[in-house]
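Asker: Below is one structure. I have some questions about it.
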Amino acid sequence: MKKKVQILNLLLLSIFITGCGHTHTWEDATCTTPKICIECSEIEGEALGHTTELGKCERCQEFQGKDIFEEIISKVSKTTEKIGNIYKRQNEALTKVTTIEAVYKNMQTTDENIRPLLDDYQVAIDMCGDCAELKDFKDAIQDIVDSYPNFPNTNDYDTVMDYAEGISSTALKIESLGVEAEELSKLY
Ligand SMILES: [Zn+2]
Ligand SMILES: [Zn+2]
């Protein structure tokens, strides 16, 4: 029995004792550093890598993807500003028109100007990916893209007014998105 224990001890020693004659004292791998012996600096394996490329890393709590994050915020801010300017010009123009046909024509031009900007929002949505910190923001942009009213193909008074109402409520959402983008830009 004693002999068996000795053999076992020898086996364990051969596992723990290394070429440089000491028992490694391992420090666990982190997101950015591999497992390392604090005595001889020998490394084993690789760094674990962060749990996400965009957002807070679940392991080290560090925020990742600052560049992508800033790009998203800047894209949304710029797009929101452009849309805001289009609405502003539209409102100014609408004070000068008197017929429903002219209102309709004006809204059609506005719609054509805004459509490509909704595509810019879509690009920002795609860039958000699964980032938890951007989830509400992403949902808010998606809601604007999804609920943006389709331009009506008839210019009777009621239809145009319904459309105008839809646009007003979307415009409010777009305005608060701009505020939200500003808030998020302070996250860093
Ligand atoms: Zn060592
Ligand atoms: Zn990490």
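The values are calculated or read from the model by the stated rules, or taken from the named source; none is laboratory data. Worth saying up front: this structure is predicted, and the values here are computed from it rather than measured. With ideal geometry, Cβ positions are generated from the backbone for all residues, glycine too; neighbour counts draw on all protein chains shown.
Asker: Quick one: E42 ticks every box in (1) without any contact (Cβ under 8 Å) to a residue 60 or more places away in the chain; (2) under 30 Å from F137 (Cα atoms); (3) surrounded by 13 or more Cβ atoms within 10 Å (Cβ to Cβ); (4) out of contact with any helix residue (DSSP H, G or I) (no Cβ under 7 Å at 6 or more places or on another chain) bar one, so which box is it?
Answerer: (2)
Asker: What helices (runs of 4 or more DSSP H) lie completely within the range 66-152 and have 3 or more residues being polar (S, T, N, Q)?
Answerer: Fully inside the range 66-152 and qualifying: 66-94, 100-128.
Asker: Sort out which residues of the range 117-145 are among the acidic types (D, E), more than 22 Å from Y163 (Cβ to Cβ) and exposed (fewer than 14 other Cβ atoms within 10 Å of the Cβ), and write them in order of number.
Answerer: Listed by number, the residues that qualify are D126, D130, D136, D139.
This table checks each residue for (1) modelled with pLDDT of 95 or more; (2) assigned by TED's automatic domain parsing to the domain that holds E133.
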residue	(1), (2)
L10	no, no
F16	no, no
D28	yes, no
T33	yes, no
G45	yes, no
Q61	no, yes
T80	yes, yes
I83	yes, yes
L94	no, yes
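Asker: May I ask you to list pairs of residues, at least six apart or on different chains, whose Cβ atoms are under 8 Å apart, with the first in the range 173-185 being outside any helix (DSSP H, G or I) and the second being surrounded by 12 or more Cβ atoms within 10 Å (Cβ to Cβ) and not polar (S, T, N, Q)?
Answerer: Going by the 8 Å Cβ cut-off, the qualifying pairs are S185/E70; S185/I73.
Asker: Which residues, counting only those in the range 97-126, are of a type in the set (D, E) and more than 18 Å from N153 (Cβ to Cβ)?
Answerer: Within the range 97-126, D119, D120, D126 meet the criteria.
Asker: Let me ask something else about it. Using the structure shown, decide if S41 is more than 16 Å from ligand 2 (Cβ to nearest atom), closer than 30 Å to L187 by Cα and either modelled with pLDDT of 95 or more or not basic (K, R) (or both).
Answerer: No, not satisfied.
Asker: Now, a different point. Could you identify the single residue in I114, I100 that is farther than 25 Å from G55 by Cα and buried (at least 17 other Cβ atoms within 10 Å of the Cβ)?
Answerer: Exactly one of I114, I100 is farther than 25 Å from G55 by Cα and buried (at least 17 other Cβ atoms within 10 Å of the Cβ), namely I114.
Asker: State the number of residues belonging to the range 61-112 that are within 24 Å of M161 (Cα to Cα), free of Cβ contacts under 8 Å to residues at least 60 places away in the same chain and under 26 Å from the mean Cα position of the chain (by Cα).
Answerer: 3
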